[in-house]
Amino acid sequence: MNPNNWFTVFSFCAIATFLSVSYGWLVKKGKLPLNSVMAFNDAQIQFIRVWAKVAGLVGIILPLVMWIVFWNQPIVRVFFSCYLLAVVVQLASETGFSRILCKSVVVIIGTLYTGFRIWQLWSGLHLINYPQPWLGLLWLVLLFWVANLIMLTTMAIPSIFPKSESYSLGETKTD
């Protein structure tokens, strides 16, 4: 299956939207025992603000520039078009669903789309022999999204789980 064709992108977006709406609705109705907002401390909030700016530069601006540069190569143009469509749908979903459903839905959306984006980029890397520095920049974009997935799994996903009163790692309970 090719992640860089229109059918795959539209199918993924439909499935991701269904999962995101389901998560948001279940959390909002109290049927899913997860936090409706992310429980970040001040340092994490500052980190997320910087990370979002880096994501805009590396994850949107660089691919947009490469889309323009490689416009005359149809296979690469389709790859970047599919990539950018997924980015637009992700941003629209995060903005809309976090207002309508719950704030923590952005974690689920971000995780789903980051995984898909890594697959898209890995596939896109193998389409043509990119000249330098474009190959290096494409690898930078891919590695950024891998780092984003690590950030999501180590910081964002744990922030939506409720704190347990009865058990905590590293603490011993004394009676």
note = Mean accessible area per residue over the chain (1.4 angstrom probe, all protein chains present, square angstrom) is 59
request  = Kindly provide log₁₀ I(q)/I(0) values, in the same order as q = 0.19 Å⁻¹, from the Debye equation applied to equal alpha-carbon scatterers of segment 20-75.
outcome  = -0.80
query = ³J(HN,Hα) across segment 26-34 via Karplus (A = 6.51, B = -1.76, C = 1.60, θ = phi - 60°), whole Hz, x for Gly/Pro?
reply = 5, 5, 4, 7, x, 8, 10, x, 10
message = Can you classify segment 11-111 as rounded, prolate or oblate using the Cα gyration tensor, where a ≥ b ≥ c are the square roots of its eigenvalues, rounded means a/c under 1.5, and otherwise it's prolate if a/b beats b/c and oblate if not?
response = oblate
request  = Can you tell me the 0 to 90 degree angle between the C-alpha axis of helix 105-125 and the longest principal axis of the chain, rounded to 10?
outcome  = 30
ask   = Out of residues 5 or more away from Met38 or on other chains, whose amide H comes under 5 Å of its own, with H placed 1.01 Å from N in the peptide plane?
value = Ser104
request  = Tell me what the chain gives for mean residue ellipticity at 222 nm when only DSSP H runs of n ≥ 4 count, each as -39,500 (n - 2.57), the sum divided by the residue total, rounded to 500 deg cm²/dmol.
outcome  = -21500 deg cm²/dmol
task = Just flag the trypsin sites (Lys or Arg not before Pro) in segment 1-45 sitting in loop per DSSP whose Cβ has no more than 10 other Cβ atoms within 10 Å.
result = Lys29, Lys31
task = Could you run the Karplus curve 6.51 cos²θ - 1.76 cosθ + 1.60 with θ = phi - 60° over segment 6-17 and give me ³J(HN,Hα) per residue in whole Hz, x for Gly and Pro?
result = 4, 4, 5, 5, 5, 5, 4, 4, 5, 5, 4, 5
message = Using the Karplus curve 6.51 cos²θ - 1.76 cosθ + 1.60 with θ = phi - 60°, what ³J(HN,Hα) values do you get for each residue of segment 130-138, in whole Hz, with x for Gly and Pro?
response = 6, x, 6, x, 4, 4, x, 5, 5
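The values are calculated or read from the model by the stated rules, or taken from the named source; none is laboratory data. Nothing here was measured: the structure is a model prediction, and the numbers come from that model. Every residue, glycine among them, receives a Cβ derived from its backbone with ideal geometry; neighbour counts consider all protein chains shown. Heavy atoms of the whole protein, side chains included, go into the accessibility calculation; ligands, DNA and RNA do not. Shrake-Rupley method; radii C 1.70, N 1.55, O 1.52, S 1.80 Å.
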